[in-house]
1. If I ask for residues that are touching a residue at least 60 places away in the same chain (Cβ under 8 Å) and either basic (Lys, Arg) or open to solvent by 20 Å² or more (accessible area, probe 1.4 Å) (or both), which ones from segment 400-412 would you list?
2. Quick one: which of Thr664, Thr707, Thr672 is open to solvent by 40 Å² or more (accessible area, probe 1.4 Å), touching a residue at least 40 places away in the same chain (Cβ under 8 Å) and of a type in the set (Val, Ile, Thr)?
3. Among Val769, Val774, Val764, which is of a type in the set (A, V, I, L, M, F, W, C), under 56 Å from the mean Cα position of the chain (by Cα) and modelled with pLDDT of 85 or more?
4. For the structure I just gave you, tell me whether Asp463 is open to solvent by 60 Å² or more (accessible area, probe 1.4 Å) and under 30 Å from Glu985 (Cα atoms).
5. Restricting attention to strands (runs of 3 or more DSSP E) lying wholly within segment 485-559, give those where 1 or more residues are open to solvent by 60 Å² or more (accessible area, probe 1.4 Å), modelled with pLDDT of 90 or more and farther than 27 Å from Pro426 by Cα.
6. Go through (1) more than 25 Å from the chain's Cα centre (by Cα); (2) of a type in the set (A, V, I, L, M); (3) in a strand (DSSP E or B) for Val578 and report which single condition fails.
7. Looking at segment 805-825, can you tell me whether even one residue there is within 29 Å of Val681 (Cα to Cα) and modelled with pLDDT of 85 or more?
8. Need at least 2 residues that are under 30 Å from Glu309 (Cβ atoms) per element, so show me which strands (runs of 3 or more DSSP E) inside segment 197-254 make the cut, counting only ones lying wholly within it.
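The values are calculated or read from the model by the stated rules, or taken from the named source; none is laboratory data. This one's a predicted model, so the numbers in the text were calculated from it and none came from an experiment. So basically every Cβ, Gly included, is an ideal-geometry build from the backbone, and we count neighbours across all protein chains shown. Accessible surface is based on the protein model in full, side chains and every heavy atom, while ligands, DNA and RNA are left aside. Shrake-Rupley method; radii C 1.70, N 1.55, O 1.52, S 1.80 Å.
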Amino acid sequence: MNKEKRDCCAVLSCFACRWILCVCVCVSLIVPQPPTITHQSPKDYIVDPRENIVIHCEAKGKPHPSFSWTRNGMHLDIDKDPKVLMKPHSGTLVMDIGGGERAEAYEGVYQCSAHNELGTAVSNSIIIRQSRSPLWSKERISPIIAQKGQSLILHCRPPAGLPPPIIFWMDNNFQRLPQSRRVSQALNGDLYFSNVQPEDSRSDYICYARFPHTQTIQQKQPISVRVVFVSDKPTEERAPVFMVPSESVSSKMVLRGEVLEMECVADGLPTPAVSWVKHNGEIPSGRASFLNFNKTLRITDVSEVDAGEYRCIAKNRHGSAQHTIRVTVNAAPYWISAPRNLVLAPKEMGIITCRAAGHPKPSIRWLVNGLPIEDAPEDPSRSVEGDTLIFSEVQTGSSAVYQCNASNQYGYLLSNAFVNVLAEPPRVLTLPNIVYQVIMNKPALLECVTFGSPVPTITWFKDSRSSMLEGNAYVFHENGTLEIHMSHPSNSGKYTCVARNSLGLSENHVYLEVKEPTRILRPPEYRVVQRNRDVVFECKAKHDPSLVPTMTWLKDDRELPDDERFRVDSDSLTITDVTESDAGRYTCIMNTTLDQDSASAQLTVVGECLCATPMPTDLELTDQEARSIQLTWIPGDEHNSPIKKFLIQYEDALHQSGVWHNLTEVPGTKTTAHLKLSPYVHYSFRVLALNEVGFSRPSMPSRQYRTSPAAPDENPTEVKGHGTEHNNLVITWKPLTPLQANGPGLQYKVMWRQQDMEKDWTSVSVANVSKFVVSGTPTFVPYEVSVQAVNDYGPGPKPSAVIGYSGEDFPSAAPGDVRVLVLNSTLAEVRWSPVSPESVRGRLQGYKVQISSRHVTFLTFIKNISLVPSAPSFFKVSTFDLDSLMLEWGPPYERNGRLTGYTFKYQTGLLEELDLPSNQSSFTLHNLPHSTRYKFYISARTQRGAGPTLTEEAVTVLDRALSVTPAFGNISSSVSEDGALISWEYWGPEKHLYVEYIIDNSDQDWQKEKVNGSQFHVLKGLKKGLAYKVRVVARGHDDRAVHHSEELLVKVPAMVSPQVDIATQGWFIGLMSAIALLILILLIICFIKRNKGGKYPVKEKEDAHGDPEIQPMKEDDITFGEYSDEDHKPLKGSRTPSSGTVKRDGSDDSLVDYGDSGDTEFNEDGSFIGQYSGRSDRDARHDSSKPLSPVNAMNSFV
């Protein structure tokens, strides 16, 4: 900001402070202003003699003030001393002492005055003193000899400096001497020994004094201490005695706001411990500290409550000593209300107050333009009343600067305040045509900063100057700002502020734009993902179309890692190849220039194997009571997925054998549950575990536990009484379930009596029914009706009575005094006297009027005009937008008069009510939070009142299509003999869940079963060997699907036939016998043919056809017929030798050779080993006509 702007803002800040809120707006505005001191040096100013002396004095005013100084009460002529300069456009003095001048020559009391044509302002009296760091006086210090155990004081006595020096003790090596509870430095710098020990002997106890202003350190001569031990005079222990303070009682005075330091140093052997207490009070814990090994008590920011008696206590095992310090707190003057500048118009009045406190109470002295007010020129508009200046009927030219001086013996306060008498027309200082943007339902502040004298009055207008803004919707601040508590779109537009005073008016235009809030409609959701998989967090938001949004993602409230695996899209975050380090809390933030919204979700990373949920085992029942029992179990291995909860189910073998019901759930950290039971139930229990994968298979059932019968705990519900004939009363109720019966022999005791007519009840007991008809009743009279449950063990609780009416009959009398008044040719008025209530004999519905003329007779029905309208003909709720709901209804079928409107109510928590006109049939609610259930009520209204109410429920959803991912997760299935167990997780608000299923690849309709409030369901009756598609659907109050899960394919295993051992079947034994006989016959035939055929010419056959392994055989080449010399084909299954060569010289191989039992061996599969290699000449010459054994023949065919 340049100087002109600074001066401008400086001027305007003074005027703006006349009102509550101070706003500085720089415009081209020049207004006369008396001087004001803006910066000055401290009252007590200690200067460094090595540097120039600078005494600050800055002031502002219009015209800019001139400056003058006094020294020691006398005018300081700056021109006479060339070493003293005043900065341009400033009152700051600079005293150049670099040329050998001594700083002490300029010591004194200085005061600055700033004056212009409107007055004079003065600074505080500034005392200039030169800092001093004198040398230590030379002295000769004799060595100190002390006996062990005695107390000792080493005096420092530093030279007096300005400011006082800082004292510390060191040795010759500039190392601080160690201090302890026994040896410590006092506040005056002396070193105290409560008792000396041999280790205290040394010759370099040196006291140092550091002077902070000059940054110099002075050193005292070293002190030598030698501790001796007199063997014939042992050291005697002694009780504590105070070394400082020496007397038993001392006093101390401290000023308010300063630091109070008190110390107690004691001698004694062993070393005493020091503690502190306050008499009749407590030491302030927040401001007090104990220093110097508890020997010093320091209290900062002292106030009057710190006055009183403090006691220090020194103790050792030989006794104690006490010292009392009486503290008094005085106070230099301090402001209660400092005087403030005053701007007045001619003829106005005003006051300047100057209130200060202190102890003793300060005296108030007024000055005007730096002179005592009693010596100033008389001003008839001014009067003094103690600490207040009163101005009345001020005149132009009465401007001046007034000084208030509050002083007592401990100091003074001096403050300037000017009175500026101005006559100025209003001026609006706020820049024109500013556009304010605000979020809907947030407060809006429209500024109108003005200046004028007299002070202008501010009025606001919207869009036009036709009407002034007023009412509770607006707040008008004293500084002109207009505040709108809750901004709505209707508040958008042009606003005009008008400033008026007696000298004129000024106006300014600003604009307000109300924007829609930024809201996250679909926040990210909790995710559990396996390592090395991908995960997607969605974050869909809605914002005002005119604002530019920015989506930001954070991980654990920090920026996302700089990793290409993290991909941010417009409404999602994708993390690929997830690792354990990616686990944490992810936050999406949607920012605009005006607002933001954020939402977070947790990411959990698990191992690559998410195994099936473990099944609990070892169920045990303990602590058996009549109505309770304790169930314990052992959970299975978690397999990288902790168990979230356990579901406990029960089976009632007495009433519903084979059906399992949910009983309770317990957290996954527990393995014990205390179960509440009902009488007359044969309980068996089982437990299912749930983790991220889903529900486990049910555990094995526990042993059966049977509870004893008891009387019923409750009575039937929904008890009603109504008539179906003119002389009967039908009593109906909802019967108890077997579980509610509590015992055998359940009956219902039905009781009734005529209201206000009969004292005694008539009763009857019935069983296995839910209604009873009372005959012979009077027509349409009220009855008190109740039904009580009773079993073999007693009755249930006393039932409450309901009111029902017996049947109606035809009215017994017709209306009388029928009169007709013809109004014109087409209109006639019919009047009659109403019938008596007793003759109606039922609920009066209306009157039937029969009108006959010469040519026609017709009837009309006149409804009872005293009735209210019926309910609207229909009422439905539909999704209009992402965050809106549309409600539609139809007029009532029976209006019963002229409709005056509809009463519409809706609620999520608080009930909201709206009155809608009678011609309206739809209504839309906007800006609703997502996934929120609403309940709606609507009724028609006439002058007689509101009719029956229709209700509907609806839930705001993100999309019109069914939501798949957000509501359901972790759906799984397991098939057992009991059926298919379907488990899932559901996070939506809907209460009505259904499991729907259909045979895969069929065109049948989906079948559905309702879920009883749990997150699993068993499908029974599925056909064996078929596959089913299964899904879980959440439906709204109108049975429309709101969410559904992914479809799951469930395969039901086919029924397995009983296993039969085929080897024991007769037909199989016969077949095998026939095959064996056939093979034996074939072998015999082959044997005979072989003996007839002679040797096989193997060599010739091989020469003609080559290696049989190289030329594969055909299947049809293998025959079991005659092996002739013309058909020399190798046997199937024969092998080439392991050497891979065939011996051809003189080879006469035949089946006889292979059957020889000499050196020939067989493999397990019947093949030959070494059939061509290793044969002796005897083998080669062996007669091939030798018979082949049956075993070898079989092997040759394998």
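1. Hits for segment 400-412 are Ser407, Asn408, Tyr410, Gly411, Tyr412.
2. The conditions single out Thr672.
3. The conditions single out Val769.
4. no
5. 504-515, 535-538, 540-542, 550-555
6. (3)
7. no
8. Once the strands (runs of 3 or more DSSP E) in segment 197-254 are filtered for at least 2 residues that are under 30 Å from Glu309 (Cβ atoms), what remains is 238-244.
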